[in-house]
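Undergrad: Here's a structure for you.
The values are calculated or read from the model by the stated rules, or taken from the named source; none is laboratory data. Everything numeric here is computed off the predicted structure, so don't read it as measured data. Note that we place each Cβ from the backbone using ideal geometry, even for glycine, and neighbour counts take in every protein chain shown.
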Amino acid sequence: MALGMTLSLSTGRDRIAAGLVSVDAVLLKKSFLDSVLEGKVDLVFRSWKRPTVRTGGTLRTAIGLLEIVSVEIVDPNAITEEECRRAGVDLDDLLRDLASRPDGDVYRVHLGQVLPDPRDELRSRSDLSESDFADVLERLARLDRASERGPWTRDFLGLISDQPKVRAQDLADEMGLPKQKFKDDVRKLKNLGLTISHSPGYELSPRGEAVLAKLRG
């Protein structure tokens, strides 16, 4: 694939085989992320009907939060060799790839520095104050209230604690849920700093273990 970003692949296995990491509905090549870290690339060209990143925002990736300096519509015929060098792509390959995606506009995304993911620090903290615990409880309660099937967060935390690094499919089957729905819900717990993803499965973070211990009394 010529581009550092690509829209979608059919299955998780396909994504892993292609060396891609899923981040907020955008797929980034692992080799591309490595080049960003090494300072070799700082541009991405992408054909979008609507941008999925914005100027001044960040994109959560496997290497941290990637700063988005600018997102601009460009004429593909005006893309230069120098810009392609900064994107880590060949100009002819890029133009062919963009031409195969005729819907939408072509955007040039300027990438900035890689920032620490605040979830990393959050996950490592097990010294919860009463205020911290009350805040987590309220956030879990919101997730429970928003669920059509009723409260689920405590059951998920217990399941992951009791069965660390077990395949997501096996855990989903045990909960009677489709695999993708299960993974989406675990991601909500991860965003609170309560779980850590592995291949396969998950485990509770130190923060997650502390929360579950308080919930279990």
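Undergrad: For SER70, only one of the following conditions fails: (1) at pLDDT 90 or above; (2) among the hydroxyl-bearing types (Ser, Thr, Tyr); (3) in a loop (DSSP other than H, G, I, E, B). What is its number?
TA: Condition not satisfied by SER70: (3).
Undergrad: Let me ask something else about it. Could you tell me how many of the residues in the range 106-139 are of a type in the set (A, V, I, L, M, F, W, C), modelled with pLDDT of 90 or more and touching a Ser or Thr at 6+ places or on another chain (Cβ under 8 Å)?
TA: Qualifying residue count for the region: 2.
Undergrad: Continuing with the same structure: When you look at PRO151, is it closer than 22 Å to SER126 by Cα, outside the structural domain of ALA62 (by TED's automatic domain parsing) and either of a type in the set (Val, Ile, Thr) or at pLDDT 95 or above (or both), yes or no?
TA: Against the criterion (closer than 22 Å to SER126 by Cα, outside the structural domain of ALA62 (by TED's automatic domain parsing) and either of a type in the set (Val, Ile, Thr) or at pLDDT 95 or above (or both)), PRO151 does not qualify.
Undergrad: Does ILE68 meet the test of being without any contact (Cβ under 8 Å) to a residue 40 or more places away in the chain and either β-branched (Val, Ile, Thr) or under 23 Å from SER35 (Cα atoms) (or both)?
TA: It is false that ILE68 is without any contact (Cβ under 8 Å) to a residue 40 or more places away in the chain and either β-branched (Val, Ile, Thr) or under 23 Å from SER35 (Cα atoms) (or both).
Undergrad: What's the number of the condition ARG125 fails, among (1) out of contact with any helix residue (DSSP H, G or I) (no Cβ under 6 Å at 6 or more places or on another chain); (2) touching a residue at least 12 places away in the same chain (Cβ under 8 Å); (3) surrounded by fewer than 16 Cβ atoms within 10 Å (Cβ to Cβ); (4) assigned by TED's automatic domain parsing to the domain that holds PHE182?
TA: Against the list (1) out of contact with any helix residue (DSSP H, G or I) (no Cβ under 6 Å at 6 or more places or on another chain); (2) touching a residue at least 12 places away in the same chain (Cβ under 8 Å); (3) surrounded by fewer than 16 Cβ atoms within 10 Å (Cβ to Cβ); (4) assigned by TED's automatic domain parsing to the domain that holds PHE182, ARG125 comes up short only on (1).
Each row is one residue, and each column tells you yes or no for (1) surrounded by 19 or more Cβ atoms within 10 Å (Cβ to Cβ); (2) among the aromatic types (Phe, Trp, Tyr); (3) over 28 Å from GLU209 (Cβ atoms); (4) not assigned by TED's automatic domain parsing to the domain that holds GLY193.
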site: PHE45; (1), (2), (3), (4): yes, yes, yes, yes
site: ILE63; (1), (2), (3), (4): no, no, no, yes
site: ILE73; (1), (2), (3), (4): no, no, yes, yes
site: ASN77; (1), (2), (3), (4): no, no, yes, yes
site: GLU81; (1), (2), (3), (4): no, no, yes, yes
site: ARG85; (1), (2), (3), (4): no, no, yes, yes
site: PRO102; (1), (2), (3), (4): no, no, yes, yes
site: SER131; (1), (2), (3), (4): no, no, no, no
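Undergrad: Restricting to the range 186-217, and then to whatever is within 13 Å of VAL136 (Cβ to Cβ) and among the small types (Gly, Ala, Ser), can you tell me which residue is modelled with the lowest pLDDT?
TA: Among residues in the range 186-217 that are within 13 Å of VAL136 (Cβ to Cβ) and among the small types (Gly, Ala, Ser), the one modelled with the lowest pLDDT is GLY193.
Undergrad: Out of all the residues in the range 147-174, which are aliphatic (A, V, I, L, M) and either touching a residue at least 12 places away in the same chain (Cβ under 8 Å) or exposed (fewer than 14 other Cβ atoms within 10 Å of the Cβ) (or both)?
TA: Of everything in the range 147-174, those that are aliphatic (A, V, I, L, M) and either touching a residue at least 12 places away in the same chain (Cβ under 8 Å) or exposed (fewer than 14 other Cβ atoms within 10 Å of the Cβ) (or both) turn out to be LEU157, LEU159, ILE160, VAL166, ALA168, LEU171.
Undergrad: Restricting attention to the range 102-135, which residues are small (Gly, Ala, Ser) and either assigned to a strand (DSSP E or B) or under 24 Å from the mean Cα position of the chain (by Cα) (or both)?
TA: GLY104, GLY112, SER124, SER126
Undergrad: Then there's this: How many residues does the range 175-215 contain that are in a helix (DSSP H, G or I) and either of a type in the set (Gly, Ala, Ser) or touching a residue at least 24 places away in the same chain (Cβ under 8 Å) (or both)?
TA: 16
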